[in-house]
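The values are calculated or read from the model by the stated rules, or taken from the named source; none is laboratory data. Remember, it's a predicted structure, so these values are computed and weren't measured experimentally. Glycine also receives a Cβ, built like all others from the backbone with ideal geometry; neighbour counts cover every protein chain displayed. Areas reflect the complete protein model, heavy atoms only, side chains present, ligands, DNA and RNA absent. Shrake-Rupley method; radii C 1.70, N 1.55, O 1.52, S 1.80 Å.
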Amino acid sequence: MKVILSLLLILFTSSLFSQTGGTIRGTVYDEESGEPVLFTPVLLEGTDLRLTTNDFGFFQFTKLKAGTYTLVIESAEHNKYTQQIEVGVDEIVEIKATLSVGTQMKTHEVRDDQSKETEVRISVNPATKKDIILVPKVGGDNDLINYITAAVPGAITTGDQGGQVYIRGGSPIQNKVLLDGITVFNPFHSIGFFSVFDTDLIATADIYTGGFNAEFGERISSIMDIKTRDGNRNEFDGKISANPFGAKLTLEGPAWNNTKAGGSAGTYVVSLKQSYLDRTSPVLYSYVNDGEGLPFSFFDGFGKFTIAGDNGSNIKFFGFSFNDNVQYQAISQFGWNSVGGGTQFTVVPKGNPMVLSGFFSASQYEIGIEEEGVAPRNSSISGFEGGLDFTYYLNKNEIKYGLTLSGFETDFNTVSSTNRVISQEENNTQFALFITSKFVSKGNKLVVEPSIRLQYYGSYNVLSPEPRFGMKYNLTEDLRLKAAGGLYSQNLVAANSDRDVVNLFYGFLSAPDDLQDEITLEDGTTREIKTPLQRANHLIAGFEYDVSKKITVNVEGYIKDFRQLTNMNRNKIFDSEQTDKPAVLRNDFIVETGLAKGIDFLIKYKSERVNIFGVYSLGKVDRWDGFISYPPVFDRRHSANLVASIKFGEDKSWVLDQRYNFGSGFPTTPTAGYYQQVGFEDGINSNVTTDNSNEVSIIYGNLGENRLPNYHRFDVTLNKFFRFYETNEAGIKTKKVKQEIEVNIGITNIFSHKNVFYVNRLTGEVVRQLPIMPSLGFSYTL
């Protein structure tokens with residue numbers, strides 16, 4: 001039945017947006033690398049038709065009257081491109097535009113400037129490699145996680161060691177991370193400074209902190225959509241780098257030699273990252289962790305092969321293998337590994353203004369941890385994902401619809417805070433239909449983006465209709481108001497406790513169905529628990545203001561109403577089989593509600609030599625478990641970042657990057673007291689007044705009652721680039737060549753501020769975050 005409905009939807013939409021008038025469409029390429037040029041402005045001179053290329057360099061003008069048009073393309077990094085095009089009645093004209101590298105760089109960010117009036121873009125933070133490298137390097141290399149926590153409002157991490165990323169009141173399990181369309185279940189390594197992504201391969205990274213449209217589903221807080229480059233079409237390219245934390249090798253190039261920019265091509269990219277911090281830190285950073293250094297190690301491997309047609313059509317094959325290991329103090333063994341692969345394709349059919357894209361992937365993620373005095377915990381999730389999308393680019397307007405299908409198996413074993421073993425093995429299937437749209441009024445005054453997602457959870461026989469809406473009103477040329485909202489749901493649940501000091505173990509399980517029938521709300525009323533799914537409603541509003549051509553301000557207020565959350569049951573005191581006891585005291589999991597609210601400020605200054613951005617977030621997160629209201633461990637009320645990147649020297653070969661980070665203290669649960677455990681080895685003959693035990697148990701205070709001290713960190717990196725040029729007979733530089741050497745000196749936590757990581761409850765020892773950590777990095781671009 002669902003397949004029939006999908007086909008009817010496709011036929012209906014195809015007839016609704018059938019071709020009337022001429023069409024000009026094409027893909028824009030970079031002359032030097034042959035790769036698509038993303039998010040660059042394209043216009044028809046003498047008309048009000050102005051677009052930007054999408055995330056694979058494609059654009060399309062439709063419903064044009066027969067005649068001759070002048071196509072103009074101009075990006076921040078390329079010379080102006082013009083071409084006269086003649087269009088007949090109902091004719092589709094396809095072009096390939098190749099842009100030459102500009103002789104003088106523009107000082108504005110094209111993506112920000114050109115699409116701000118015709119896209120809602122609320123609570124989305126787009127980034128490219130150029131943005132990511134503005135943040136100081138940690139350990140000698142740039143990484144996406146440092147950019148997210150520095151430049152994305154509402155994003156925080158709980159620590160330098162074992163930190164996870166929390167976005168606007170959502171936990172990591174509620175963040176969906178996509179790498180070229182495939183879900184990555186754990187994208188961040190345990191040390192907290194590195195992700196699994198190679199910065200040099202990132203084409204775009206869009207971080208949606210809330211209010212995302214119906215194209216994305218199965219998560220209730222945020223989306224991280226990372227897309228990688230296809231690779232150089234024209235010649236072999238690569239980069240090798242090394243620093244005290246690890247080494248990296250990136251290779252790319254054409255798969256065959258008869259390619260030209262904009263023509264058919266086969267390309268490849270390969271990235272290998274290996275850390276050796278566990279071996280270098282005992283020597284270089286022996287003062288960390290009582291002489292143990294930093295016992296973290298990881299390996300990341302990624303490969304991609306692309307076959308691109310001559311009209312924007314392409315097919316891509318990719319695979320990855322990521323792993324992580326820790327041997328940290330009380331942890332005798334911890335590690336996770338993630339492997340996966342799949343394919344993506346885009347079809348631009350001749351004679352039809354529609355663009356078809358699809359994907360299929362399979363992956364597996366396993367994690368395990370062994371700790372002193374705690375039973376081993378392990379978890380795994382494996383499965384597949386697939387989908388088809390149909391997009392109609394109607395000048396400034398856009399219609400997109402599609403379907404997705406996924407299936408996965410979860411298997412996990414863990415121990416609750418009351419030392420009860422919890423295990424689950426489940427198989428799940430999920431199916432979704434979605435329609436998204438964008439309509440821009442005449443004169444670009446109003447932009448609306450209504451969408452809806454029909455998410456079906458087969459294991460529970462639950463259909464979840466999820467309408468969503470976004471809008472922007474261009475009050476003036478410089479001031480734009482915007483708002484968004486929607487309903488969201490998800491199946492997956494995390495297998496960690498809010499009492500965990502360090503959340504290294506982040507297992508996954510399906511939403512358990514042994515939940516209570518109702519929850520008592522904070523006002524004393526009750527609500528029926530109809531499904532085991534987690535649900536949230538988002539409401540966001542704000543404005544953008546261009547103070548000048550170089551300074552922009554963005555302000556957003558948000559509310560995330562977590563109407564149903566599933567958490568490990570801290571209140572469990574009876575066995576699950578004791579059905580005569582209340583469900584909230586015997587079930588392994590409990591239903592909670594939550595509310596996250598706050599306001600985010602982002603200000604940017606961009607010029608040819610100076611880039612500065614400041615981020616401030618004021619937020620509050622509450623949870624209610626049916627008995628008490630408490631702040632979760634990631635409730636940071638105040639968070640601020642100030643980042644400055646300054647280029648100097650005659651050829652701007654010196655770059656100074658700086659970041660100051662402030663965060664108010666996280667909630668912590670105090671220790672109210674201790675007691676000796678009595679084992680009752682002698683049964684009823686045991687004497688609790690005289691028997692002694694070496695086992696000590698903790699009496700906890702109120703959950704989240706206290707706060708840790710404030711967090712401060714100041715990082716600095718000085719980069720020097722050695723560039724090479726071709727010269728003429730007179731010795732004058734005429735052209736920069738590709739080869740380049742970079743040397744950087746960095747200091748993380750330059751003032752060695754003693755930020756608190758946690759306090760050992762039994763010994764009272766204060767464990768600190770990382771102290772001052774200098775580094776020296778080197779890279780060579782082939």
Over the chain, the sum of -39500 (n - 2.57) across DSSP H runs of at least four, divided by residue number and rounded to 500 deg cm²/dmol, gives at 222 nm -1500 deg cm²/dmol
Rounded to the nearest 10 Å², the 1.4 Å probe accessible area of Val101 is 70 Å²
Treating only Lys and Arg (+1) and Asp and Glu (-1) as charged, each at its beta carbon, one finds that the chain has a dipole about its Cα centre, in Debye to the nearest 20, of 2360 debye
Bridge orientation stat for the chain from DSSP, antiparallel percent rounded to 5, came to 95 percent
Result for the chain: accessible area per residue, probe 1.4 angstrom, in square angstrom, of 42 Å²
The summed charge of the Gly26 Cβ neighbourhood (under 13 Å; Lys/Arg +1, Asp/Glu -1) stands at +1
Between the alpha carbon centres of the stretch 231-247 and the stretch 276-309 the gap in Å comes to 17 Å
Interchain or sequence-distant (5+) residues whose placed amide H lies within less than 5 Å of the amide H of Ile95 are Arg25, Gly26, Thr27
Once phi for every residue in the stretch 282-290 is put through the Karplus expression 6.51 cos²θ - 1.76 cosθ + 1.60 (θ = phi - 60°), the whole-Hz ³J(HN,Hα) values, with Gly and Pro written as x, are x, 9, 7, 10, 5, 7, 8, 6, 6
Residues whose modelled amide H sits under 5 Å from the amide H of Gly140, counting only those 5 or more places away in sequence or on another chain, are none
Here the gain from full extension of Val448 to Ala672, 0.36 nm per residue of separation minus their alpha-carbon distance, amounts to 75.3 nm
Residues whose modelled amide H sits under 5 Å from the amide H of Val462, counting only those 5 or more places away in sequence or on another chain, are Tyr457
From most to least accessible, 1.4 Å probe, no ligand or DNA/RNA atoms counted, Ile133, Ile207 line up as Ile133, Ile207
Per the rule of 0.36 nm per residue minus the C-alpha distance, extending Arg723 to Glu45 adds in nm 240.3 nm
With a 1.4 angstrom probe the carbon and sulfur portion of accessible area for the stretch 380-480, in percent, totals 56 percent
With N residues in the stretch 492-607, Rg(alpha-carbon) / (2.2 N^0.38 Å) equals 1.51
